[in-house]
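Let me begin by presenting the structure, written as C-alpha cells, before commenting on it.
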Amino acid sequence: MLIDSHCHLDYAGMAEQQAAMLDHARARGVRGFLNISTRASEWAAVVATAHRHADVWASVGIHPHEADAHTDLGADALRAATGDPRVIAIGETGLDYYYDHSDRQVQQTLLRMHIGVARDTGLPLIVHTRDAEADTLAILRDEMASGAFPALIHCFTASAEFGRAVLDLGLTISLSGIVTFKNAKDLAAFAAVIPEDRLLVETDAPFLAPVPHRGKRCEPAYVADTLEAVAKLRGVSAAALAETTGANFRALFAKAGL
C-alpha cells in the first residue's frame, strides 16, 4: 500500500486541481494521503478534504514559520481539533532556523505544546526541523524523558548522526524527493540503512518534486518516483518497499483504521 505520508492538498495552486491530482496519484498506485496543515486557519479546509475523500486523512498543527502568529493558541484548541475522526496526526510543527520567520523561543514553546498534546492524545507528532538539529534533539530528548509520545521527522535532510539519535528515541523517518537529488549523496547513504520498520515516504507536495520531475510543482503521484529511488538504494523492489512503508504508516497512524 503506497501512501504519501505528507502533502499539502489545500495550498493555493493545489486546491484548485485537487481532484485531478488525487486521481493521477491513484492511477500510479497511491492508496492514501496525509493532508498536512501549517496554520490554524487551514484546519477547516484540510479536515474537510479528508471528509470528502475516503483515502485522505488530516493533520492539525502550526508550522514553525507560523509560530509568531499563533502565540495565543493554547493546547486546548489544538487538542479539541484532534477530536475529528479524520484527524490522525499533530503537525507539522518543529524548528526552522534557516529562514527564522518566527522567534526561536516561540518556535520552541509551540513545539513543546504540540508534544504535550501528542502525548495526551496518542496521535503521532509530525516534526519539521531545518538548521536546528541540536535544539530539536534536545527538546525531543527532554520531552521523551517526561513521557513517551509517537513522532516522526518528516522530509528528513539532517545528518546521519541526528538520524541515529532520533531513531534511538523511537521516532520514524520520512523521506521526500530530496533523496533523489544528485547533491544528496549523504542523505542517500543514510536512506539505505534506516531500519525498515521506521521508514516512510512522502512528497511534501507542492514542494521538492523528485527526479525526473525536478523543477516542476510536486504532486502526490510523484511519491511513486521517490519510492522507486529509495527501493533502489536499499536493494529491494518498489513493490516490497511499498508494502513495508504502508505497514509502517498503518502502525504509526493507527487512527486511520487501515
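The values are calculated or read from the model by the stated rules, or taken from the named source; none is laboratory data. What you see is a predicted model, and the numbers here were worked out from it, not measured in a lab. FYI the Cβ positions are ideal-geometry reconstructions off the backbone, even for glycines, and counts take in every protein chain you see.
If the condition is being surrounded by 20 or more Cβ atoms within 10 Å (Cβ to Cβ), over 12 Å from the mean Cα position of the chain (by Cα) and not in a helix (DSSP H, G or I), then segment 125-149 contributes Ala132, Phe149. Taken over segment 87-117, residues that are free of Cβ contacts under 8 Å to residues at least 24 places away in the same chain and crowded, with 23+ Cβ neighbours inside 10 Å amount to 0.
Each row is one residue, and each column tells you yes or no for (1) free of Cβ contacts under 8 Å to residues at least 60 places away in the same chain; (2) aromatic (Phe, Trp, Tyr); (3) not in a helix (DSSP H, G or I).
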site: Asp4; (1), (2), (3): no, no, yes
site: Leu9; (1), (2), (3): no, no, yes
site: His24; (1), (2), (3): no, no, no
site: Ser41; (1), (2), (3): yes, no, no
site: Val47; (1), (2), (3): yes, no, no
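Applying the set (1) farther than 23 Å from Tyr222 by Cα; (2) surrounded by 20 or more Cβ atoms within 10 Å (Cβ to Cβ); (3) not aromatic (Phe, Trp, Tyr) to Asp204 leaves exactly one unmet item: (1). Within segment 49-68, identify whether any single residue is out of contact with any Cys (no Cβ under 8 Å at 6 or more places or on another chain), at pLDDT below 95 and over 22 Å from Gly257 (Cα atoms), and answer yes or no. Scanning segment 49-68 turns up no residue that is out of contact with any Cys (no Cβ under 8 Å at 6 or more places or on another chain), at pLDDT below 95 and over 22 Å from Gly257 (Cα atoms). If you go through segment 63-86 and pick out every residue that is acidic (Asp, Glu), surrounded by fewer than 13 Cβ atoms within 10 Å (Cβ to Cβ) and part of a loop (DSSP other than H, G, I, E, B), you end up with 1. Scanning segment 216-241 for residues that are in a helix (DSSP H, G or I) and farther than 30 Å from Ala12 by Cβ turns up Ala231, Lys232, Leu233, Arg234, Ala238, Ala239, Ala240, Leu241. The residue of segment 163-177 that is farthest from Ala191 (Cα to Cα), among those that are hydrophobic (A, V, I, L, M, F, W, C) and surrounded by fewer than 19 Cβ atoms within 10 Å (Cβ to Cβ), is Leu169.
For segment 174-182, state whether one or more residues are assigned to a strand (DSSP E or B), at pLDDT 95 or above and touching a strand residue (DSSP E or B) at 6+ places or on another chain (Cβ under 9 Å). Looking through segment 174-182, at least one residue is assigned to a strand (DSSP E or B), at pLDDT 95 or above and touching a strand residue (DSSP E or B) at 6+ places or on another chain (Cβ under 9 Å).
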